[in-house]
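Single-structure report; data block below.
The values are calculated or read from the model by the stated rules, or taken from the named source; none is laboratory data. Just so it is clear, the model here is predicted, and its values are computed rather than measured. Every residue, glycine as well, gets a Cβ built from its backbone with ideal geometry; the counts of neighbours run over all protein chains shown.
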Amino acid sequence: MKGRSFFFHGNLLSILGAFVFLCIGLIVRDLIHPYLGSWEKPDSVITILNVLDFGAVGDNIVDDTAALRRVIRFASVSTGVATTTILFPENHTFCTGPLNLTSQITLQVDGTLRALNWTETDWPQIPPLPNYGNARDGGFYLQYQAFLYATESHDIRIVGKGVVDGQGQAWWDAFTNHDGSTLTAGRPNLVQFVDCQNVEVSGVTLKDSPFWCLHPVLCTDVHIHHIKIRSHMYAPNSDGIDPDSSKNVMIEDNDISCGDDHIAIKAGVCGKNSGSPLDCDAISAFTDGTYETVNITIRRNIFRIGMGIALGSECSGGIRNVVVEDNLVGVCNPGHCETGCCGWGRALHLKTTDTRGGHMENILFRNNTIYNTTSVIELETDYQENKKDIEGRPTIIRNLSFQSNQGLGTAKGISFSCDKDMPCRNVTFFNNDFDQKDSIQCKNVEVIDEKGTNVCSLK
């Protein structure tokens, strides 16, 4: 028995020694090569990847692009992993070029993710979206890729308590100054998802987008909630959130100050004088529902500086089933904006032209409170139209309801201006509390109140 015991313990010690030696070897290897790009991910579930472990520095000086792309690539090749979380820890600022996201990835942004100077960075130019046919910016065909970009992916989340900073000022300056020597394509979105499913953005602050800030296109099942968007007043085309040819989108409990529309619900564009090269008749996706935007809910948001909630003007694919309720528009609190304060422009805005086709139908605005804006409600079917070479493709507008909205502060002015060849149908105006109804201007439409009276005829 003693011999057996000695044999057993001796072998155990040998095994333990070999194990310790192996562990020491692995530790030494990681000390020498801590950011190996050729790592093979184990089969076990990895819940969190800290970008600092992949060589990112986060000191607001070092270019962290290579390290951040490495960790995203590492996460994307996982096998048997439901979702991988990539952590950008707080108290760090990571300077980077644009990043491509893939399926089943969560970006946990607790620090700051900041775009590098675009004139000194390799910033890809990509083909235009299929529902536009060009960049929709500056007359360019190509567009710079979004800072955070995903296409044909699913189960993507951007969450956290940190900041995604697009460093938009240089882009705005180049656009405003018509600097073609540096700006050779359309400006990028800050965040763009194209043809993605199950998308969530929550908690983060999105700051200073070069162009439209958060742009889900051809997406299904999108939830955007509890985020802040901040941009400068009059920053060109710096919309807040633009759901576009997308389905089942919930936008709730956000706080937005920006340089253009707080929300712009879009559905692609085609036709003459639309700025798009696309022929509506030649592309069935504009009429078969592919490019339609359907089932959009916008609720309990605070909209500060900016131009309110818009439908259009890009609506050629059609916009249907929209609920806008319980929002505060034009809120003015000290210290919330850098230059100027309060909303301006139209609070609730439907805009199109008589060349873009499509439809806006089943739209409900309910229980919204409107503060300091240029006007309360405007429906216009000749938006920025020059009346040249009119094609005669008006937008069908029907089943609009405005219920229990109220205007405070200086908010005033209501206008419904519809197309003479395609008058708006079934527009109701129930229990709203604005300035006198005789301020309502109407053209080619009847607007019926809770008493069954056409408010357009009241003087």
Top-ranked residue in region 358-377 [being of a type outside the set (A, V, I, L, M) and under 18 Å from residue 322 (Cβ atoms); ranked as surrounded by the fewest Cβ atoms within 10 Å (Cβ to Cβ)]: 367
Residue within region 182-192 that is on the phi > 0 side of the Ramachandran plot and out of contact with any Gly (no Cβ under 8 Å at 6 or more places or on another chain) present: no
Filtered residues of region 286-320 (kept if more than 22 Å from residue 370 (Cα to Cα) and either at pLDDT below 95 or assigned to a strand (DSSP E or B) (or both)): 293, 294, 295, 319, 320
Within region 196-216, considering residues that are outside any loop (DSSP other than H, G, I, E, B) and of a type in the set (Val, Ile, Thr), the one nearest to residue 132 (Cα to Cα): 199
In region 426-439, residue nearest to residue 400 (Cα to Cα) [restricted to those that are surrounded by 20 or more Cβ atoms within 10 Å (Cβ to Cβ) and modelled with pLDDT of 90 or more]: 427
Condition check for residue 301: of a type in the set (S, T, N, Q) and surrounded by fewer than 24 Cβ atoms within 10 Å (Cβ to Cβ): no
When residues of region 269-284 are limited to those that are of a type in the set (Gly, Ala, Ser) and free of Cβ contacts under 8 Å to residues at least 40 places away in the same chain, the one nearest to residue 213 (Cα to Cα): 284
Odd one out for residue 422, checked against (1) under 22 Å from residue 289 (Cα atoms); (2) modelled with pLDDT under 90: (2)
Test: residue in region 171-179 that is under 25 Å from residue 276 (Cβ atoms), among the acidic types (Asp, Glu) and without any contact (Cβ under 8 Å) to a residue 12 or more places away in the chain: yes
Among (1) hydroxyl-bearing (Ser, Thr, Tyr); (2) crowded, with 24+ Cβ neighbours inside 10 Å; (3) closer than 20 Å to residue 406 by Cα, the one test that residue 291 misses: (3)
Those strands (runs of 3 or more DSSP E) lying entirely in region 334-401 with at least 1 residues closer than 30 Å to residue 230 by Cβ and at pLDDT below 95: 346-351, 375-380
From 182, 119, 220, residue being modelled with pLDDT of 95 or more and polar (S, T, N, Q): 220
Matching residues, region 116-138, being under 12 Å from residue 187 (Cβ atoms) and out of contact with any Lys or Arg (no Cβ under 6 Å at 6 or more places or on another chain): 118, 123, 125, 135, 136, 138
Unmet requirement for residue 167, which otherwise passes all of (1) within 19 Å of residue 69 (Cβ to Cβ); (2) out of contact with any Cys (no Cβ under 6 Å at 6 or more places or on another chain); (3) assigned to a strand (DSSP E or B): (3)
Residue match in region 265-285 (condition: of a type outside the set (S, T, N, Q), at pLDDT 95 or above and at positive phi): yes
Sole exception among (1) buried (at least 17 other Cβ atoms within 10 Å of the Cβ); (2) farther than 20 Å from residue 198 by Cβ for residue 73, by number: (1)
Residues that are of a type outside the set (Gly, Ala, Ser) and either within 8 Å of the chain's Cα centre (by Cα) or surrounded by 24 or more Cβ atoms within 10 Å (Cβ to Cβ) (or both), drawn from region 205-216: 206, 208, 210, 211, 212, 213, 214, 215, 216
Checklist (1) farther than 26 Å from residue 346 by Cα; (2) in a loop (DSSP other than H, G, I, E, B); (3) touching a Ser or Thr at 6+ places or on another chain (Cβ under 8 Å); (4) not aliphatic (A, V, I, L, M) applied to residue 193, failing item: (2)
Residue in region 125-143 that is farther than 30 Å from residue 313 by Cα, in contact with a helix residue (DSSP H, G or I) (Cβ under 7 Å, 6 or more places away or on another chain) and at pLDDT below 95 present: no
Long-range neighbours under 9 Å by Cβ, at least six apart or interchain, first residue within 28 Å of residue 332 (Cβ to Cβ) within region 242-268, second basic (Lys, Arg) and part of a loop (DSSP other than H, G, I, E, B): 252/300; 253/300; 254/300; 255/304; 256/304; 257/304; 258/304; 262/304
Entirely in region 104-151, the strands (runs of 3 or more DSSP E) that have 2 or more residues that are within 19 Å of residue 245 (Cα to Cα): 148-151
Matching entry among 91, 60 (being modelled with pLDDT of 95 or more, in a strand (DSSP E or B), of a type outside the set (A, V, I, L, M) and over 22 Å from the mean Cα position of the chain (by Cα)): 60
